[in-house]
Structures are given as C-alpha cells and as structure tokens.
Amino acid sequence: MSARQASGTPSSGGFGAVPGRLLGGVRLFLLSALLLAGVGAIGHLIGWVALTTTLGPTAYVLLAHPESEGARLRSAVTGHVLAIAVGLACLAVFGLWSHPSIAQEHQETVQQIGAEALGVGLTLLLLHLCDAHHPPAAATALLITSGLSRPGPPLYGLLVGLALVLAIAPLIGMATSRSGRRP
C-alpha cells in the first residue's frame, strides 16, 4: 500500500479521483465556453471573426495549466507576436499577401505549403531561442500562412481574439480557483 493510499488521499489513477477530475473538467468546460463565447460575441459586434482555432489551445493552456511555462504571459505574448511576424513575413516572401486562403481554393498551392512549413518551423525556432514556449503560437503562424487569417479583417479578428483571451483567461482562472491558486 502506498503512502498516498494509506493517508486516504486518492491516487491520480484511482476511482477516488474521478469526482475531483469531473469537477475540474466541468470548471474548464464552463470557463472556456464562456470565454470563447464572449470573444465570439465581441467579434460579431465589431464585424470580425475573432474566434479562431488558435484560441482553443491558448485558452486550454492558460486555464488548465496556469503554472506551466506555456501559460506565462511572457511566453504567450512573445509566442503569438513572433508567430504573427513570421506568418506575415512568409506571406510576403512567398508572394501570398493577397492570395486566396486554402479554404477558398479547397487546396494548397506549392507556395502555401512552403510558407506554412517555413512559418511553423521558424516560429518553433524563435520560441526556442527566446525561451518562450507557447505551443499554440504555431497554430497562429499556420492560420496566417494558410491565408485563413490573412492581412485585413481576418488578421484583425485574430489579433482581437488573442488579446481578449490573453487578458481575460488568466483573470477568470485566478478568480475561480481556490485561494487564487489552482487545485
């Protein structure tokens, strides 16, 4: 019998931990759904798509793992700023600034594949060099290089959505946790 079992504390894999995991899961469900619905509503009000696929993993990291390196504000902001810069640079280098998105064309061109691969690779390189590990930033680079969040309103919406999630998620996470800390 382990010390954890002897003390009456449920082990991380046992059935005794299920209620705690369920409560934590329900908390994450509610917080992420409310956060993303709010971001989507704000985007709708201003006429931009603010709810992009990079927000889901960003919200998850910030809400579920607030003590992780990826959830640090410095890592998250640096990661997304680098990804945006790299994505825009790749669009320019590959001549894709005004090119239709992969969703509009229903396929990728060779230039888009190159921009997407280079964009994600450079983003990961820069995240490593800057010691700013935020995995969702790679999705931001891919959204831009694929044309889904190209310059103009699609990019503005992405920026608004990211700013809202990066500002609000840590606040609601702290406000809803016990004693300002995660269990």
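The values are calculated or read from the model by the stated rules, or taken from the named source; none is laboratory data. A quick note: this is a predicted structure, and the numbers were derived from the prediction, not measured. Every residue, glycine among them, receives a Cβ derived from its backbone with ideal geometry; neighbour counts consider all protein chains shown. Just so you know, the surface numbers come from the protein's heavy atoms only, side chains and all, with ligands and any DNA or RNA stripped out. Shrake-Rupley method; radii C 1.70, N 1.55, O 1.52, S 1.80 Å.
Can you list the helices (runs of 4 or more DSSP H) lying wholly within region 75-157 that have 3 or more residues being under 19 Å from W48 (Cβ atoms), open to solvent by less than 70 Å² (accessible area, probe 1.4 Å) and among the hydrophobic types (A, V, I, L, M, F, W, C)?
Output list reads 136-145.
Determine which member of the set G114, G161 is more than 17 Å from the chain's Cα centre (by Cα) and of a type outside the set (S, T, N, Q).
G114
Please count how many residues of region 54-67 are surrounded by fewer than 16 Cβ atoms within 10 Å (Cβ to Cβ) and either at pLDDT 95 or above or closer than 19 Å to L142 by Cβ (or both).
Selection size over region 54-67: 1.
Open to solvent by less than 80 Å² (accessible area, probe 1.4 Å), closer than 17 Å to T54 by Cα, among the aliphatic types (A, V, I, L, M) and in contact (Cβ under 8 Å) with a residue 24 or more places away in the chain - does that describe any residue in region 167-174?
So far as region 167-174 goes, yes, one or more of its residues are open to solvent by less than 80 Å² (accessible area, probe 1.4 Å), closer than 17 Å to T54 by Cα, among the aliphatic types (A, V, I, L, M) and in contact (Cβ under 8 Å) with a residue 24 or more places away in the chain.
For S177, state whether it is open to solvent by less than 40 Å² (accessible area, probe 1.4 Å) and modelled with pLDDT under 95.
Criteria met by S177.
Regarding P135, is this residue closer than 18 Å to V61 by Cα and modelled with pLDDT under 95?
Yes: the conditions hold for P135.
Of the residues G13, G43, G70, only one is modelled with pLDDT under 90 and buried (at least 18 other Cβ atoms within 10 Å of the Cβ); which?
Criteria check complete, one pass: G70.
For (1) closer than 17 Å to L73 by Cα; (2) without any contact (Cβ under 8 Å) to a residue 24 or more places away in the chain, each residue gets a yes or a no:
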site: I113; (1), (2): no, yes
site: E116; (1), (2): no, no
site: L124; (1), (2): no, yes
site: L127; (1), (2): yes, no
site: C130; (1), (2): yes, no
site: H133; (1), (2): yes, no
site: A137; (1), (2): yes, no
site: T145; (1), (2): no, no
site: P151; (1), (2): no, no
